[in-house]
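Please see the structure below; I have some questions.
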Amino acid sequence: MVKLRARCILVGDAAVGKSALSQMFCSDGSHFQKNYTMTAGVELLVKSMSIPETNDSVELYIFDTAGRETFAETCEKMWGQPSVVCVVFEISSLDSFNSCSRWLERVRAHCNGLQLPGVLVGNKSDLASRREVETAVAQEWAREQGLQYHETSAKEMENCDAPFLSLAQAFHAMYQDRRQIIQRLSWDPTDHQ
Amino acid sequence: MLNTALNSFGAQVLFATSSDENYPPERMIDGNMETFWLSTGIFPQEFIIRFPDNMKISVISIHSFNIKRLRIEQSTNEEAEDFKVMAEKEFEQTEGSLQTNEISLDCSNATHLRFLILSGYDHFVSVHKVGIQA
């Protein structure tokens, strides 16, 4: 049994629903903010995710970051070294989707060359009648960037756990991989003849 | 002395910031390079080794993997408190082998050593063996 810890950077344009999504996830659906308040800095939320079919878990430290450019630069300083990234846009705004590559680059710049598992989230799936970003288009871009794609509706409590479970699983898989590499590396054959 | 298992003369790991039950921190001081402690995500990571007596230490040796920046602090107190920085070092990255580093100190006294792993070349780092020369 192991409890891993991951620093999850949550980014995307202002008002796409990053805070709604993370609060929905962390409160198990009991907390949807009906009134919009803009996040001005970074809000830290912590939640532990169990990894299915194991006794392991990943504690996610979610850095919910202001999407508004005026605040973004200050927020970056609080990220530290990211473990995983969650980039959010809203399916009813093409602009917010187009910003995703810029957000992703911004987080990657803090990684010092370390691998960064990530997800792309199309939020506000309840606004399907006003959809500006087709699922296939978002999926294709996510694939190119090595991200998993999920659509969610924080408002309708739809699928909000999925992106975070995906991140926890990717981080856990990376741990297992590194664990095996180190195990192999430290095994000295001359001691086992 | 550098090759002696620290636990053979009563040293113990008092504390470590993360632990996988399969890779407990005691593995760093059992003298066996094949067993190790593995960090479980996010820097800094930290562990504290307690000695049975006040020790005069001239060299600390560390076998590890993917540690980038390490700071070592000492305490001469009976409790693990009042730590002072002894050394800070950036390790070279290795591939296919462990990192082996020796850090010289000018015969400092210590009852406790605190190791702060400030950064890594990967998300997870391992420590296989810590040795000291008195």
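Quantify how strongly other chains surround peptide B:32-45 by giving the mean number of their Cβ atoms within 10 Å of each of its Cβ atoms.
Across B:32-45, the average partner-chain Cβ count within 10 Å equals 5.
What does the charge count around A:S19 come to, taking other residues whose C-beta lies under 11 Å from its C-beta (Lys +1, Arg +1, Asp -1, Glu -1)? Mind dumping the intermediate values first?
Details: positive: A:K18; negative: A:E43, A:D64.
Here the count lands on -1.
Calculate what fraction, in whole %, of the accessible area of segment B:6-133 sits on carbon and sulfur atoms when a 1.4 Å probe is rolled over the protein chains.
Details: 2120 of 5220 Å².
C and S atoms contribute 41 percent here.
Roughly speaking, what is the centre-to-centre gap between segment A:1-70 and segment B:108-125 when only Cα atoms are used, to the nearest Å?
30
If you don't mind, another one. Just name one of B:F36, A:T70, A:F89: the one whose Cα is farthest towards the positive end of the charge dipole of the protein assembly as shown (beta-carbon charges, Lys/Arg +1, Asp/Glu -1).
Looking along the dipole axis, the top candidate is A:T70.
Could you list which residues have their amide H under 5 Å from that of B:A87, counting only those 5 or more apart in sequence or on another chain, with H placed in the peptide plane?
B:I72
Show that you can apply the helix-only estimate: for the protein assembly as shown, add -39,500 (n - 2.57) for every DSSP H stretch of four or more residues, divide by all residues, and state [θ] at 222 nm to the nearest 500.
Values: 6 runs with 66 residues, N = 327.
Estimated from H runs of four or more residues: -6000 deg cm²/dmol.
Only helices at least 24 Å long along their axis, Cα-based, and averaging -1.0 or more on Kyte-Doolittle count here, so list those DSSP H runs from chain A. Mind dumping the intermediate values first?
On the way: long enough: A:162-186 (36 Å, -0.14).
Helices meeting the criterion: A:162-186.
Another question, if that's okay. Please list, ordered by chain and number, the residues whose modelled amide H lies under 5 Å from the amide H of A:E59; skip anything fewer than 5 residues away on the same chain.
The answer is A:L4, A:R5, A:A6, A:M49.
While we're on this one: Say we join alpha carbon atoms closer than 10 Å with springs in a Gaussian network model of chain A; which of A:A128, A:A20, A:A170 then has the biggest fluctuation?
Most flexible of the set in this elastic network: A:A128.
Is any residue of segment B:18-45 close enough, with backbone N under 19 Å, to a label point placed 7 angstrom from the Cα of B:T94 along the Cα-Cβ axis, and if so, which?
Flagged as within label range: B:27-39.
Continuing with the same structure: Quick one: which of A:80-90, B:27-37 comes out on top by average Cβ neighbours within 10 Å, and what's the full order, highest first? Kindly include the intermediate steps, with their values, before the conclusion.
Values: A:80-90: 24.8, B:27-37: 20.0.
The densest-packed peptide leads the list: A:80-90, B:27-37.
Could you tell me which of A:A162, A:W187, A:S129 has its Cα farthest along the dipole of chain A towards the positive end, charges placed at Cβ (Lys, Arg +1; Asp, Glu -1), taken about the Cα centre?
A:W187
A:S50: net charge of surrounding residues, Cβ under 12 Å, Lys/Arg +1, Asp/Glu -1, itself excluded? Numbers along the way, then the final one.
Numbers: positive: A:K3, A:K47; negative: A:E53, A:D56, A:E59, A:D161.
Residues close to A:S50 contribute a combined charge of -2.
Hey, got the average number of other protein chain Cβ atoms within 10 angstrom for residues in A:11-17? Can you show the working numbers first?
Values: counts 0, 0, 0, 0, 0, 0, 0.
Mean inter-chain Cβ contacts per residue within 10 Å come to 0.
Cut-off under 26 Å on the C-alpha distance; same-chain residues fewer than 8 positions from A:K3 excluded. Which lysines are left, in chain and number order?
Filter leaves A:K18, A:K47, B:K68, B:K129.
Still on this structure, I have one more. If you add up the charges near A:S125, with Lys and Arg at +1 and Asp and Glu at -1, over every other residue whose beta carbon is less than 13 angstrom from its beta carbon, what do you get? Write down the numbers at each step before the final one.
On the way: positive: A:K124, A:R130, A:R131, A:K155; negative: A:E90, A:D126, A:E132, A:E134, A:E151, A:E156, A:E158.
Cβ neighbours under 13 Å give a net charge of -3.
For segment A:168-189, which residues drop by 20 square angstrom or more in accessible area between the chain on its own and all protein chains together (1.4 Å probe)?
Those residues are A:F171, A:M174, A:Y175, A:R178, A:R179, A:I182, A:Q183, A:L185, A:S186.
The values are calculated or read from the model by the stated rules, or taken from the named source; none is laboratory data. Here the structure is a predicted model, which is why all the values come from computation and not from measurement. Here Cβ is always computed from backbone atoms with ideal geometry, including for glycine, and neighbour counts include all displayed protein chains. These area figures cover heavy atoms from the full protein model, side chains too; ligands, DNA and RNA do not enter into them. Shrake-Rupley method; radii C 1.70, N 1.55, O 1.52, S 1.80 Å.
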